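The values are calculated or read from the model by the stated rules, or taken from the named source; none is laboratory data. From a predicted model like this one, the values you see are computed outputs, not experimental measurements. Virtual Cβ from ideal backbone geometry, glycine too; neighbours counted across all protein chains shown.
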Amino acid sequence: MTGFCQLNIGQLSRNKFWGEDEHAPRRSALCVSSLLWHEDTLLLVDPCMPFEKMGELIFNRTGRRVREVTAVFFTHPHGDHTVDVLRYEGADLYIAPGAEGDWINSPFWERFRPLPAELLPGVESVLLPGHTVASAGLTFNWLSGRAIIAGDAVMTRDFFESEVGYFNSSDFAVASETIRKIKAEFDFVIPGHDMLFPV
């Protein structure tokens, strides 16, 4: 059986649903990080903190050690979702095809692996375009339904309910369509910058 834990609750640098101007940040952004595991495979999704802090968070929330992480999945290549990527030595790195950006010229590109349809037993990858051209998420059975780690395809519950992308989305029409697809197909959403919620 595959285990799952949302490690933290994220926050947005600006939130229009709170009446904030989207042209200037109000606070630092913090994405949601999650951990999935099966036997000896430990999959970290979207590391949001420096390596040592991430290690403390993983241990405090799951009892596991950061050195046990065998794979890291990035929903997209924005900096708040890829903190200290180089520190996960020995871990395989995964990102959606087309999301490489400047990474393809970096010395650690060789550590990236082609994104498989299934990263752990029952944990499948799915493309979620709109926030970026090649955003992706992970889906798996959880509790009584199907859950999706959506990354910034769903910023917060407010953005989900309103079916709108964030101010920096690459394609707002596609972002809205992706949210509608998630609404139709899933029972639980782990968003990019909020707490898990039921659909």
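Within the range 1-29, the set of residues being hydroxyl-bearing (Ser, Thr, Tyr) and surrounded by fewer than 13 Cβ atoms within 10 Å (Cβ to Cβ) comprises SER28 only. In the condition set (1) touching a Gly at 6+ places or on another chain (Cβ under 9 Å); (2) over 25 Å from ARG26 (Cβ atoms); (3) modelled with pLDDT under 95, GLY137 is compliant with all but (3). Among residues of the range 174-189 that are touching a residue at least 60 places away in the same chain (Cβ under 8 Å), none has a beta-carbon under 6 Å from a residue that is of a type in the set (Lys, Arg) and buried (at least 18 other Cβ atoms within 10 Å of the Cβ) at least six positions away or on a different chain.
Taking each residue of the range 136-148 that is in contact (Cβ under 8 Å) with a residue 24 or more places away in the chain and closer than 15 Å to HIS38 by Cα and looking for partners that are of a type in the set (Val, Ile, Thr) and assigned to a loop (DSSP other than H, G, I, E, B) with beta-carbon atoms closer than 8 Å, six or more apart or interchain, yields PHE140/THR2. If you go through the range 30-48 and pick out every residue that is surrounded by fewer than 19 Cβ atoms within 10 Å (Cβ to Cβ) and either in contact with an Asp or Glu (Cβ under 7 Å, 6 or more places away or on another chain) or of a type outside the set (D, E, K, R) (or both), you end up with 3. Can you tell me how many residues in the range 73-101 are closer than 23 Å to ASN168 by Cβ, in contact (Cβ under 8 Å) with a residue 24 or more places away in the chain and either of a type outside the set (Phe, Trp, Tyr) or surrounded by fewer than 20 Cβ atoms within 10 Å (Cβ to Cβ) (or both)? Qualifying residue count, the range 73-101: 16. Among the residues of the range 158-175, those identified as closer than 22 Å to PRO198 by Cα and surrounded by 17 or more Cβ atoms within 10 Å (Cβ to Cβ) are PHE159, PHE160, VAL164, GLY165, TYR166, ALA175.
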